[in-house]
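The values are calculated or read from the model by the stated rules, or taken from the named source; none is laboratory data. Quick caveat, the model's predicted, so the values are computed rather than measured. In this analysis, Cβ positions are derived from the backbone assuming ideal geometry, glycine residues included, and neighbour counts consider all displayed protein chains.
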Amino acid sequence: MKDLIAGYPMEKILVDEHAAARVLAVSVQTLRNDRTRGRGCPYVNLRKSGQSRGSIRYRMTDIQEWIKSHTIRPEVENG
């Protein structure tokens, strides 16, 4: 996959739910549950006109931002 995305801007890279799950270290089912509940990492639904369902993709930049926004940095006490 690294060779496939080399040279592409991160904001244009879309990955499927399996790749997103690997990056986020969660199961595909967790991503599906989160989508159903309206929470979790933002995603794109690539639905064609007239279709009720589409292909789910995640932007790499959204994954990175979601991780960043959920990173907890413990406060360091000033001694």
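Values for this structure:
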read-out: Elements of type helices (runs of 4 or more DSSP H) in the range 2-71, at least 2 residues being hydroxyl-bearing (Ser, Thr, Tyr); value: 28-37, 60-69
read-out: Criterion: at pLDDT below 95, over 24 Å from Thr71 (Cα atoms) and surrounded by 12 or more Cβ atoms within 10 Å (Cβ to Cβ) - qualifying residue of Ile56, Ile13, Ile5; value: Ile5
read-out: Residues (small (Gly, Ala, Ser) and either closer than 18 Å to Met60 by Cα or in contact with a Ser or Thr (Cβ under 6 Å, 6 or more places away or on another chain) (or both)) located in the range 23-40; value: Ala25, Ser27, Gly40
read-out: Criterion (at pLDDT 95 or above, in contact with a Pro (Cβ under 7 Å, 6 or more places away or on another chain) and at negative phi) met by exactly one of Asp34, Asp62; value: Asp62
